[in-house]
Structures are given as C-alpha cells and as structure tokens.
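For reference, the structure discussed in these notes is given below.
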Amino acid sequence: MDGNLGHKVCVIGAGTMGSGIAAHFANIGLEVSLLDLTSQSVTDGFERAKRARPPHFYIPETASLVRLGTISENLDWIAEADWVCEAIVEKLDAKRDLFQHIESHLRSDAMVSTNTSGLQISLIAEGMSESFKRRFLGTHFFNPPRFLKLLELIPTDETTIVEVRRMAAFLEDHVARRVVMAKDTPGFIANRFGMWSMIHAVHTAERLQLSVEQVDAITGPFLGRPRSASFRLNDLVGLDIMADIASNLHERCVDDPYRNTLKLPRSMATLLDRAWIGEKAGQGYYRREGRELVVLDLRTLAYREKRDAAIPSVIELMSQPIGHRIGAAIELRDEVGDFLREHLIPVLRYADYLKESISHSVNDFDRVMKWGFGWEMGPFEMIDAIGGDKLGLSSTKFYQDGKVRDFQGNLERPKVETEYLAFTDYPVLDEREGFNIRDLGDGVTAICTTTKMGVFSPALLKALLEFLANFTGRLVFGSEAKAFSVGFDLGFLLEHSQAEHWDTVDAALNDLQQLSIRMGEFPSVAAVHGHCLGGGFEVALGCSAIAALAEAQIGLPESRVGLLPSGTGTARMRLLHQTSTRGLAEMAKQLTLGTVSANAGEARKLGYLSENDVIVYHPDRLISAAKKLALTVEPKPVPPWNQLEGPIGGMIDRGIEELRARGDLTEWDKAIGEQIKSVFAKATSWEDALYRERHEFNELMHHALTQARMKHMLETGKPLKN
C-alpha cells in the first residue's frame, strides 16, 4: 500500500458521479461503501448506476460488492475508511456542511477529497481543522469514471506535499488513473478550457451558418478528436451540465477577456428551454427516431433528417499527418477553412492565454485534453505542429528535442515514466515483415506485430515460427496496432476455399497451431488490448499467461463466419474446462454462438481467461504489467488430456437444442456445434483434438453457407445468420 494508504474507500453521494466512482472502485478491487442521505436515495442512485449505458460495471455481479448506507446511520463506515471521497451536489455550502458533520469521524490518517468539476477547493475547506486541511484535496473524476482515465488532482495551499504525493501515487497505482496536478482556479484545466472550447464551437457554427453535421465532420477524427466531435459530445455531456459549468465560470472569471464566449448560444438556450438536454433526455442536438437519427437545424431550431456531411477537403486531407492536414485546412477557402480560422485559431490562442494561470506546465495542459477529452494532440502540441506564427503566436516551439519549455522559457527534459511506456517507446532490435522485435530490458524481449489490426497471415505465421525456432529467453507478445489481433486472415481463407486449395488452408492451420504450441515452450506473456479474437486469441492462449487490459474484447467468434476455432482454440477450451462437464457444455454453447466478451472481466466469467491470467485495469500500464509478469512466469506445457466423466455429448446436444429453440442458432450454427462437440467429446488426446480441429474446419469450408458467411463478413464487417 503506497504511503500507508489502505484500500477501504467511502464514497459519499450516490448521484451520477458518486455511483459511477463507487462502481469504478469496486471494479478494480477496492472495498467500497456508498452513502447518501436516505436508504431510498442511495438505493435509487445505485440502481441507476447498475442500469447505466455504457455500463459502469464490467460484470453485473460486481455491484453486490458495494456496501450501501446512509450518512445518519453509518458514520462508522466513514471511520473505517482510508479515503473518504465526497461526491454530492455541486454546491459550496452543502459540501462545507457535510465535511463539518463528518470531520470528527474521520481517521487521523485518512485522505479526504471532494469530487468537483470547478468549485474552489480552498473555499470548501474554510473553517475546518488544520489536520483536515493538510490532507484535503480536490479529485476531479471524469464521467464515466470506468472509461475516462484522467483525474485532475487539486491541492490547496494548505495541503502538504507529503499528502499530495501519497494520494497521487495511490490514484495511479491502485485506482487506474492518470493524474494531472491542476491549480485551484475556476474549472481547473479541463472545464476552464475544455468547456469554453465546446461552447465556442457552437457559437462559431451559428455565426457561420454551418450545420451540425458539417461541424461534426470537421471536429471529429479530422481534427484528431473522438467521433463524438462537437454536437454529439454536447449531447453526451448534457446541455444542463454544460450550462451550469459555463454559468459558474462566467460568474467567477470576471477578469478573463474571453469570458463572454461562455454565454449560451441561441440553439443551446432553446434546447434547454425545451428540456431537450441531450442523451439522458433522449434528444438534444441529435434525436433517434426508430433506427434513424434526426438532427437540429441551427437556423430553424427544428429537427430534420440527418444529411450526408462528406466534405471533399476533409476526405482529401485525412490521410496526411494531423499537423500537416490542419495547417493546410486553415488556408482553405471552403467551410472547413472558414470554421478552423473562426474556431480553432481562437481556441489555441485561448490556451496560450490561460496556460500559466491554470496549469503547472504545457505538458500538463496537453495531457488533460488528451486524457480527458480524447484529443490526439493537446493544444500546445497542435500549435507546434501548425506553427505558432501562422496562429498569431510566437514561433518558439513548446516541445523540442524531447524537452518541454517551461513558463520561464527554459527547455526541461520531463521525467521518464517507465511504467507508462508503450511498445513503440522501446528500442527495435530487428524489423521483420509483419513484426518488430524490441528490447524491453531486464532480459525480456517483445515481439510486436505491425499488421493492420494485428491480423495473422500465413506469411506472418511462417516468419514468426522461423524467428522463434531458436529463441531462448523471456518474451512479451503483443501488437503495435489498435488491437492485439482480430484473428486470422479471412480473405486468404475465402480465396483458397473458393479455389479448393484445401492443402494450402490445412498447412496454414497447422502453422497457427504450431505457433500457439511454441509460445508455451518458453516463458511468455501475451499483452492483450482492444480486440483479441479467433486466431489471435489462440496464439495468446498458448503463452504462459495473458495480461489483458480490462476493456479488451476477447473470444473465439469463428462460428460467425461458419467455422470453428482450429488454431488450438477448441482443443484448449476442452483442456481448460475438462474438470467440469457442466463448464465444458457451457463453453461448447459459447463457441457455437461465437461469443465475444465485452471486457476482460466478462472473458474470465465466460471461461476464456484462467485464474493465472492477469487483468490490467490501468489503461496505460499494459506493457509494464506484461513485462513484470514475464519475469515470473514459467513455460506452459500442454496439460494431460483427461477422459471425461458424464454424458458430455448429451449435455452439449441439449444446450444447443435450447439455443436453437430460442431462435439464437440457425441450422448451420447447429451443424457447427456438432463439429465442436466432436472435438470436446470424441477426441482421445491433444494430438487427436488438433487433427479434428483442422479436419472439421476444412469440412465446413467446403460448404457454400460458410463461404457466404466469410464473404458477407469481409464485405460488411457484420455476421450473416444463414
């Protein structure tokens, strides 16, 4: 426990943020109590959290780990807590009154924080004891806490540096947060700048008479931001929340010459008057009508059909690096250039104006926008990429030669945070076609695939087997793509099945099986992120252990393209669950359905991950966690193939018939289930199971129904239920 801070947390306030924070704590294994004013209010708030979309919990069962109580009846829970995290209504007096009520119940060594999006932390602490003030901070979580890794930590002048460091270490090591220290100013960094930017985009759209669709086409991935762009993001945040924050900032930032931007745009004010406040009201700038989205017309303020917003210059420039494309787009004489000159340039100038008053460094400022808002580049990185002179700013770069310029103009090299390094931060020992070999240090080597979405092709399999033939040492296997692997090359399978090159397919399957087997012959760890599917998961299963990011989607979905897992996947699931006929029958159902987990916790629940595998909750610590695990694991030999007890074949048949009766399976799905049963119930050894996998796979590929499924998946990205 870092800094003697334990793992019992008491969250006070069961509203949207409090319940979401409590759920996040429970997900990662902290002991959590959640308090509110009454039994009814705490229950109602937590029930809303359990129904939240996207879900607050990785698996529903985790909700039972949160202890619910009331402030009046369960003050002893506060006395037990190592950290008390207040998350009640955003009202200064209410927060003060609460802390005055509970202070005498706090342990003398407990940390205490307020979750607020902008109230001044020092004002909340007024009138409290010196003991309270020295360990009191602001903790600005972002909503939803499960998905957004940023936390702004805001100490006051009276918070001791020892307590600040203790809390920061605990948040990063045990709460899966990336911490940025912010100054105790209105809105801190995120809301002071981020909310201003969001509202400025709406003002600009109205002034230029651009549509919602046009602005979202410009301010999404084209600008290096999430697909929610501007107006969709407004709906997700909630127009009421935006209005409250804007009003608070406008009232408190009286000396800010840019403050009038925070006055509500016409469209936003109208939507608020109508109570159309966004996603939680079912309508805002967007509204769903059946399967279609309608959109608010910013001129008529009425809904209309959503229009195609394909802008030629956006399409043309999208392939260029972000700095080049934005720099070029600013010069355009079309709606993109007009919008960027009227919106992006003022936004970047505002960041430059604010930087010293609200942040400790431009790096902190950039991190807030990248980690909290999903920007690919922070504002100062973007200024450097475009060129400050083109924006009416200094041409002196903020980032140079791996150093960051401080507010006195000096270049300083930032501290190396080894625990947060990505694969691409490590030196390359060798470059091969389809993968890089990197040195992780301490005798650990990394193989990092470089194919699109980590796809395994026959050529990549052969190259990997060739490299690993004489490999000795400890290994981390991963991907430099956005996913660990979406599986084996489906285009190859369709092409060769249509050409009836069955021996070619069988040879590729044999290589996939051999790669999975080879991974277990030395200490190895699969570092899994994004999608880990099909053949990619089969390779990961061969490793000594899997380190999976909590949000990784894991599974064997081969049945969706008319096949069964045949790179050791079916055989390994048989081995993993052979001690329980019921568990084995359930796994047969999952493979027949082609179930993919929504997250790593669900993957463990479904039986895809074993107890030896590790779930990594910190989104930026996968590689360091995988390396640490690689230093301790041993080779993973194939376990003995046990004969099954009980009528496993009949149990699988009943399970598949139940799914068929419910309409979850087609006749062809049922036929695939029969092939899976053949491996589970009839294979007499590991070698026999591997042969059966490949044989049944080839049999299925002969059929037009399977070829139709593969073709449909390649063309649409969606499964065909034929």
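Remark on the chain: ratio of C-alpha radius of gyration to 2.2 N^0.38 Å is 1.03.
Starting from the Cα gyration tensor of region 475-543, take the square roots of the eigenvalues, sort them a ≥ b ≥ c, and report rounded, prolate or oblate (rounded when a/c is under 1.5, otherwise prolate if a/b is larger than b/c, else oblate). The shape class here is oblate.
From the residues GLY441, LEU509, VAL486, which one has its Cα farthest along the dipole of region 439-522 in the positive direction, the dipole being from +1 and -1 charges on Cβ of Lys/Arg and Asp/Glu about the Cα centre? Result: GLY441, furthest along the dipole toward the positive end.
Across region 305-456, what fraction of all alpha-carbon pairs, as a whole percent, falls in each successive 10 Å bin from zero upward? Taking all Cα pairs of region 305-456, the binned fractions are 9, 28, 29, 24, 10, 1 percent. Overall form of region 509-600: rounded. Here a/c, set by the Cα gyration tensor axes a ≥ b ≥ c, is under 1.5. A DSSP coil position with no more than 13 other Cβ atoms inside 10 Å describes none of the chymotrypsin sites (Phe, Trp or Tyr not before Pro) in region 266-347.
Give the separation of the Cα centroids, region 550-575 to region 56-129, in Å. First find each Cα centre; the distance between them is then 44 Å. LYS627 sits with roughly 30 Å² accessible to a 1.4 Å probe, with DNA, RNA and ligands left out of the calculation. Please state the relative contact order of the chain as a whole percent: Cα pairs under 8 Å, 6+ residues apart? Reported relative contact order: 8 percent. Assuming charge only on the beta carbon of Lys and Arg (+1) and of Asp and Glu (-1), the dipole of the chain about its Cα centre is about 780 debye to the nearest 20. With 0.36 nm allotted per residue and the present C-alpha distance subtracted, the LYS415-MET318 stretch has 31.6 nm of extension available.
For the pair THR300 and LEU208, the difference between a 0.36 nm per residue extended length and the Cα-Cα distance amounts to 31.7 nm. Sorted from greatest to least, the principal axis extents spanned by the alpha carbons of region 227-348 come out as 47, 40, 24 Å. Take every DSSP beta bridge whose two residues both sit in the chain; close to 40 percent of them are antiparallel.
Accessible surface computed residue by residue for region 565-709, with neighbouring protein chains in place and a 1.4 Å probe, gives 43 Å² per residue. Angle of helix 667-677 to the longest C-alpha principal axis of the chain, folded into 0 to 90 degrees and rounded to 10: 70°. Placing +1 on the Cβ of every Lys and Arg and -1 on the Cβ of every Asp and Glu, with nothing else charged, gives region 209-268 a dipole about its Cα centre of roughly 140 debye.
Between rounded, prolate and oblate, where does region 300-351 land on the alpha carbon gyration tensor, with a ≥ b ≥ c its root eigenvalues, rounded for a/c under 1.5, else prolate if a/b exceeds b/c? Taking the square roots of the gyration eigenvalues as a ≥ b ≥ c, region 300-351 is oblate. Entry note, the chain: the mean residue ellipticity at 222 nm calculated from DSSP H runs of n ≥ 4, each adding -39500 (n - 2.57), is -13000 deg cm²/dmol after division by the residues and rounding to the nearest 500. On the basis of the beta-carbon distance and an R0 of 60 Å, SER41 and LEU705 show a calculated FRET efficiency of 0.65. For LYS390, the aspartates and glutamates whose Cα falls under 20 Å of its own Cα, not counting residues fewer than eight places away in the same chain, are GLU331, ASP334, GLU335, ASP338, GLU342, ASP352, ASP366, GLU381. With each label modelled as a point 7 angstrom along the Cα→C-beta vector, the GLU521-PHE407 pair spans 6.0 nm. Out of the GluC sites (Glu not before Pro) in region 294-345, which ones are loop residues according to DSSP with at most 16 other C-beta atoms within 10 Å? In loop regions of region 294-345 (DSSP not H, G, I, E or B), the sparsely surrounded GluC sites (Glu not before Pro) are GLU331.
When the chymotrypsin sites (Phe, Trp or Tyr not before Pro) in region 366-411 are filtered for DSSP coil states and for at most 14 other beta-carbon atoms within 10 Å of their beta-carbon, the remaining sites are PHE407. Separation of region 475-547 and region 162-234, taken as the distance between their Cα centroids, equals 38 angstrom.
Going through the cross-link list LYS452/LYS682; LYS91/LYS149; LYS482/LYS718; LYS149/LYS605, which pairs have a Cα-Cα distance over 30 Å in this structure? In this structure, LYS452/LYS682 lie more than 30 Å apart at Cα. Here the extension length gained between GLU158 and HIS105 equals 17.0 nm, from 0.36 nm per residue of separation less the Cα-Cα distance.
What a 1.4 Å probe finds exposed on the chain is 50% carbon and sulfur by accessible area, rounded to a whole percent. Residues ARG560, ARG146, ordered by accessible area of protein heavy atoms at a 1.4 angstrom probe radius and largest first, appear as ARG560, ARG146.
The values are calculated or read from the model by the stated rules, or taken from the named source; none is laboratory data. Note that the coordinates shown come from a computational prediction; the quantities given were computed from them, not determined experimentally. When we count neighbours, we look across all protein chains shown, and the Cβ atoms used for this are built from the backbone with ideal geometry, even at glycine. Quick note on the areas: whole protein, heavy atoms, side chains included, nothing else; ligands and nucleic acids left out. Shrake-Rupley method; radii C 1.70, N 1.55, O 1.52, S 1.80 Å.
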